[in-house]
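Q: Below: one structure in structure tokens.
The numbers here are math on the coordinates, done by the rules we state, and not lab data. Being a predicted model, the structure only gives us computed values, none of them experimental. Heads up, the Cβs are rebuilt from the backbone with ideal geometry, glycines too, and the neighbour counts pull from every protein chain shown.
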Amino acid sequence: MKKEINRVLEDVLYKRVDYKKAILLLGPRQAGKTTLARQLGARLSSDYIYFNGDEIQTRSLWQSQQLTLLKQTIAPHSIILLDEAQMIEDVGLICKQLLDADLKKQLIITGSAVLDIANSTQEPLTGRKWEYNLYPISYAELYQHQGLLETNRNLDAYLVYGTYPEVVSDLPNAIALLNNLTSSYLYKDVLALTGLRKPQLLDKLLQALALQTGSEVSLNELAALVGADVKTIDQYIYLLEQVFVVYRLNAFSRNLRNEINRKKKIYFYDNGIRNAVIGDYKQPALRNDRGALWENFLITERKKLLAYNGFYGRTYFWRDKRAEIDYIEEINGEIYAYEFKWNPEARTKFPVSFVEAYRPKETKVIHSNNYQEWLTTYPY
């Protein structure tokens, strides 16, 4: 694509600038955080200064004992960009010291690992930061950039290759880009921040999760499948969540007798990463997992739409012993239930047991002819 895709969060972040609170931008590596931070910095001031936590020079300067030198370095600049901040020890404390000094500077911090950057800034920056997640490019952003016809034309590509910025801007080279992305970045933060030496177990676990996309996941079954104990599996899934590879969807329940609510479903933040993990880039029409690709795509894109619009409700799936519903949103005491079908002609009936018990405000089937509005229009 020739023109840069506008990211929804840029205007949101711009409105948060007040030089008293840090802006914390979290998300997976290569999702566009650096580009967005630089665009925001340039929009605010032409003389912003940029630091990259992956670089030794940055880590040497961003230390508590170097605070005086750090202040001297940033003195001429009103906007301070700190990229990949999770690589810097005690980064939250250092940022707090800069904010406490009331230097009238806007701190913009990015990080690709929640477990470190969010935790290390949590206490020091309580009440002193605005925190947002940036995901790979959303369908809504693509729709705004390309229009209806091109996004429809590229739907199969998004289902197979995902929507990382580098990938959507160079679809002919998508496979090579995804293979490089998974080999270079997928485990980088997990390994760096936890001291895990061998990613083989993570590989096996990710493959198992990819093959179970859209199905309920049992930690016991996963443990047996990859040859590890349940505690380790739970820990590794947690770590993969913290670096924005996967996320969980919990079961909806108000403790009605026949509902089964202990299991969870696990989805990938990007279809391309999911397919890279299992080494399958066949087109949707040739696959027996098209339903799983469709479900992962819809739930993930809806997740982005809700997050960027400040959704404060909760999301679930539902099942009892006889029936299930793919996806539920609960907000302001109301329930909205959705089923996903690729085929617009597929007949779908919402379970009577669910409808009678919960009286949902809306029940709707999302299919390949009506998904666009559901992924581009925030309803609440």
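Q: Report ³J(HN,Hα) in whole Hz for each residue of region 25-39, in order, from the Karplus equation J = 6.51 cos²θ - 1.76 cosθ + 1.60 where θ = phi - 60°; Gly and Pro get x.
A: 10, 10, x, x, 4, 6, 8, x, 5, 4, 4, 5, 4, 5, 4
Q: 7 Å from Cα along Cα→Cβ at both Gln72 and Val352: what's the point-to-point distance in nm?
A: 8.0
Q: Another one. Report the equivalent ellipsoid semi-axes for region 121-224 in whole Å, largest first, defined as the square roots of five times the eigenvalues of the gyration tensor built from alpha carbon atoms.
A: 29, 23, 16
Q: Treating the beta-carbon of each Lys and Arg as +1 and of each Asp and Glu as -1, no other charges, what is the dipole magnitude of the chain about its Cα centre, to the nearest 20 debye?
A: Here the chain has a charge dipole of around 460 debye.
Q: Among Arg274, Arg322, Arg43, which comes first, then next, by fewest other beta-carbon atoms within 10 Å?
A: Ascending number of Cβ neighbours within 10 Å: Arg322, Arg43, Arg274.
Q: Ok, one more. Treat the count of other C-beta atoms within 10 Å as a stand-in for reagent exposure and order Ile266, Ile49 from fewest to most.
A: In order of increasing Cβ crowding within 10 Å: Ile49, Ile266.
Q: I'd like the orientation of helix 91-100 relative to the chain: the angle between its Cα long axis and the longest Cα principal axis, in ° from 0 to 90, rounded to 10.
A: 60
Q: Would you mind giving the average projected area, over all directions, of the Cα convex hull of the chain in nm² with one decimal?
A: 20.1
Q: When all alpha-carbon pairs of region 73-188 are counted, what percent fall beyond 24 Å?
A: Looking at region 73-188, the distances longer than 24 Å represent 47 percent of pairs.
Q: Would you order Lys129, Lys96, Lys263 from fewest to most other beta-carbon atoms within 10 Å of each residue's own beta-carbon?
A: Ascending number of Cβ neighbours within 10 Å: Lys263, Lys96, Lys129.
Q: Let me ask you something else. Return, for the Cα atoms of region 240-355, the radius of gyration and Dmax in Å, separated by a comma.
A: 15.3, 42
Q: Shifting gears a bit: Return the loop-located chymotrypsin sites (Phe, Trp or Tyr not before Pro) in region 273-353 (DSSP other than H, G, I, E, B) with at most 11 other Cβ atoms within 10 Å of their own Cβ; answer none if there are none.
A: Tyr312
Q: Let me ask you something else. If the viscosity is 1.002 mPa s and the temperature 20 °C, what translational diffusion coefficient in µm²/s does Stokes-Einstein give for region 8-133 when Rh comes from Kirkwood over Cα pairs?
A: 151
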